[in-house]
Amino acid sequence: MIARAWRDESGIALIMALVTLFVLSLTLVTVLDFSAANARSARFSASDQRAVSLAESGFNDAAAILMSAPDPSLSSALPGTPTGTAPREGGTVVYSGTKSGNLWTITATSSVPNPTGGSPLTHTVSGQVQVTPSDPLASNLAWNYVFSDTTTSCMQIQNSYSLAAPLYVRGNLCMSGNNTFTGALLDVRGSVQVRDPSNIGSAGSPIPKVRVANGCRAGTSGSFVTPCGTAQRVYTSSFEAVPPDISKPPIDIARWYEEAKPGPKHYCTSGTFPGGSSKFDPDNGTAQDWDAGTINLTGSNYSCAVYGGVVLKGLIAYNSGILSIFGTIFFDGDISLGGNQDILYTGRGVIYARNVTIRNHTTLCGVTSCNQTTWDPATNLLLLVAGGAGATAYTLENNTRFQGAIYAVGGSSLQNSSEHQGPIITDSVSVQNNGNLYSWPPLTDLLIGMPQFTPAPPSAAYIPGSWRG
């Protein structure tokens, strides 16, 4: 009986069914749990990717704001603390910028909900943007030279002279007399003629750079030769046949007739000027016609200032040998200085007139004794603008010295033991009879009121390879 019971298999099917059901149930639970985990992982991955995209979009927004800013060089162009952008689908993003010199570092951080219910998912990216500031001097290179604009005649340098300033000639240059050009740079867009015994540089002191477009010759006949060399009486360490194309900056006489302070339309609000407002313009600001006669800036002591509220807008004053200037000043006539005067000017400013004449043992300088090594144009700089179109709108003659800048619509003449230190921009330059042009400390900026081209605006550009995140 017992043996027969062990051999009876009639209940095995139920056991097998139960085992199979258990295995299938376990498999189903595993599959469901795995599917749920995959779904959670997919949602987490999608949210994480969303955080990355939001952070990148925040960076792009900040970079776009910076690159479209009127002046991206200002530290206020981007907020220094995290600032939110416009609402974004699925999360938020903030950005900020820090500036060091002309380099911006932009940081953006996003936040999106965590699909698992934990802390929000965040992502931070950063990158750098380089700012190229506006550079007025780069757009107005003529202020680095004694600049002769005419292309219809030869710039004449003759008799006894000393020419130690950088020189730019848009036309031709003609040198004669027992003299040597010793400036650091010579640019001539026409040709150069050097008559014996004149020289450009010397064997012992060659000019660092000479650039002449149409060649040089020694004497008044023969072909012009390129490159210019010792056979043409040119001694240089570097010669090029392609000088830069630099133009004379434009002048806006009408604007400064209207806006100068003091000037025809803005007389002194504090103090007076000798002769009253008619010395600025007899027409009292109604007609710009150069009819104010000749004005002596240093004939007697005075002070004439223009204020806007409590803010000083412009000043011209003279007291016992010291001429004080600030801002842009306009006289609708001529300026003449002369008569054994040693004048020291202080401050930085621009004075407009028709013709400017300095003569007869007069010095007008930004430092004592017109010392080249101690003059700092960033501290003291006087620009005299001669708006007349005559051949000698600016005249320096008879044992005189001027340390400053000159702009002349017409021509300029330096002669008879005269000395000029500083840039000159003029239609033509005549240097003769011991006229002297000397170098000067480079200008670091341009004054308001200086004739100039509008500089390129500042710009900003992303630096490749600076991306982090």
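Principal-axis analysis of the Cα atoms of the chain puts helix 12-67 at an angle of about 10° to the longest axis.
Ranked highest first by the average count of other Cβ atoms within 10 Å around their residues, in what order do 54-60, 178-184 fall?
On the way: 54-60: 22.4, 178-184: 18.1.
Peptide ranking by packing, descending: 54-60, 178-184.
Under conditions of 37 °C and 0.692 mPa s, the range 248-438 yields 200 µm² s⁻¹ as its translational diffusion coefficient, taking Rh as the Kirkwood radius over Cα pairs in the Stokes-Einstein equation. Residue separation of residue 137 and residue 312 scaled by 0.36 nm, minus their Cα-Cα distance, works out to 60.4 nm of gained length. Convex hull volume per residue, computed on the Cα atoms of the range 143-240, equals 85 Å³. A simple spin-label model places the labels of residue 205 and residue 52 6.7 nm from each other, with each point 7 Å out along Cα-to-Cβ.
The DSSP beta bridges internal to the chain are antiparallel in roughly 35% of cases.
Ignoring lysines fewer than eight residues from residue 99 along the same chain, none have Cα atoms less than 25 angstrom from its Cα. At q = 0.17, 0.18, 0.24, 0.25 Å⁻¹, what log₁₀ I(q)/I(0) does a Debye calculation on the Cα points of the range 203-294 give, no solvent, two decimals? Listed by q, the Debye log ratios stand at -0.73, -0.80, -1.19, -1.20.
Each DSSP beta bridge with both residues in the range 248-438 is either parallel or antiparallel, and the antiparallel ones are about 25%.
Rule-based calculations on the coordinates, nothing more; no lab input. What you see is a predicted model; the values in this text were computed from it and never measured. Neighbour counts are summed over all protein chains in view; Cβ atoms, including those assigned to glycine, are modelled from backbone coordinates with ideal geometry.
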